[in-house]
Amino acid sequence: MIQTLTVALGERSYPIYIGTGLLANPDLYRPHVRGHQAMIVTNETVAPLYLELVRAALQGLRLGVVILPDGEVYKTQEVLNRVYDALLVGRFGRDCTLIALGGGVIGDMAGFAAACYQRGVDFIQVPTTLLAQVDSSVGGKTGINHPLGKNMIGAFHQPRAVIADTLTLDTLPDRELSAGLAEVIKYGLIGDSEFFDWIESHLPLLRDRDSDALAEAIRRSCENKADVVAADERESGQRALLNFGHTFGHAIETGMGYGSCLHGEAVGVGMCMAADLSARLGWIRADDLARIRRVIAAAGLPVDPPAALSADRFVELMAVDKKVLDGRLRLVLLRGIGEAQVADDFDPALLRATLGEEGADLG
């Protein structure tokens, strides 16, 4: 069975297809390919598993393939140029469609290439990791990393469709599955307390890859994100809440070196840190904080920041964040489980306590 959701953006609205065995279904691709050329962008890990299935679904089109190295460390301008090179050498026109076959890194890079090539061409997201299926493939955020900051170079460019085949999760390493659960947990924490309750009670099934539980987690996550994106496509307000835990998490990824931890692992720690600061501010109870840490740990994720990052280094890294306005750091914090808000008026001393500076305890 195929579940179909819609990201409602007027003339740029698009479907999210969720189900099993979708990769080889040509009926899911063809309505969203306007020309006769398609370039599949994938990586060295995913290509041996799924490239031929997607190629078969696109039979009859003039196809090209770019296989990139796998990993966050390769989310760079230099590697992105390989996509442009293939498009130009193959003489792909403005009516071509890029197919992003892979996890979040591939989706971000192929989407950014689509946003920039000949000032914008179509692309389709075919996410193969849980994190990409519940989060990064939906919403049109695309980009690459810079040595000074994660995702600091990019564009908003919505896909024509998202095809989430849950069978691809069967080949996902356990660590990657847990990383995806971080983003699932995020949706419950920022705006859907009932979903958070559901996640808490279904974590054993999710980690055991129960197909029904995973499909439900993907559907509810995508519904939450689609609603937010439809209300605030370019992150001028409500959409910033989707960055809960990400300012701390991006600082960890940048400070420790891209690829040293998975994005979802950094976000898991970041959510614990944001919850910790929320508790220090008196916005959530100590037992809420303990529950949040317990659920994140039960998902197989770390909950404590790396000891190698000092409070000073954290502050330095967090200053390079897309939510900083007029030099003021803005963080997504919790008023309760299922209720988040953006704040910039918190006590800096409490933030530094959360970052591990000695001399301040959680009271």
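List of remarks:
- All conditions but one from (1) outside any strand (DSSP E or B); (2) exposed (fewer than 15 other Cβ atoms within 10 Å of the Cβ); (3) at pLDDT 95 or above apply to Thr45; the one that does not is (2).
- Filter result for Val33 (crowded, with 18+ Cβ neighbours inside 10 Å, among the β-branched types (Val, Ile, Thr), under 17 Å from Ala132 (Cα atoms) and in contact (Cβ under 8 Å) with a residue 12 or more places away in the chain): no
- In the condition set (1) surrounded by fewer than 23 Cβ atoms within 10 Å (Cβ to Cβ); (2) not aliphatic (A, V, I, L, M); (3) not assigned by TED's automatic domain parsing to the domain that holds Leu241, Asp192 is compliant with all but (3).
- Residues satisfying the stated conditions in region 112-153, i.e. in contact with a Phe, Trp or Tyr (Cβ under 6 Å, 6 or more places away or on another chain) and either at positive phi or not assigned by TED's automatic domain parsing to the domain that holds Val73 (or both): Gly140, Gly143
- Thr254, sole failed condition from (1) in contact (Cβ under 8 Å) with a residue 24 or more places away in the chain; (2) in a helix (DSSP H, G or I); (3) within 26 Å of Thr6 (Cα to Cα): (3)
- Residue among Gly64, Gly10, Gly19, Gly60 that alone is more than 22 Å from Val105 (Cβ to Cβ) and either under 19 Å from the mean Cα position of the chain (by Cα) or crowded, with 18+ Cβ neighbours inside 10 Å (or both): Gly19
- Residue match in region 60-78 (condition: among the β-branched types (Val, Ile, Thr) and under 20 Å from Asp170 (Cβ atoms)): no
- Looking only at residues of region 234-272 that are charged (D, E, K, R) and under 15 Å from the mean Cα position of the chain (by Cα), we find that the one that is surrounded by the most Cβ atoms within 10 Å (Cβ to Cβ) is Glu253.
- Selection of first residues in region 1-20 that are farther than 14 Å from Val126 by Cβ and of second residues that are among the hydroxyl-bearing types (Ser, Thr, Tyr) and assigned to a loop (DSSP other than H, G, I, E, B), restricted to Cβ pairs under 8 Å at least 6 apart or on distinct chains, gives the following pairs, ordered by first then second residue: Thr6/Ser13; Val7/Ser13.
The values are calculated or read from the model by the stated rules, or taken from the named source; none is laboratory data. Because the structure is a prediction, the values reported are computed rather than measured. Don't worry about glycine lacking a Cβ; one is built from the backbone with ideal geometry, like all the others, and counts go over all protein chains shown.
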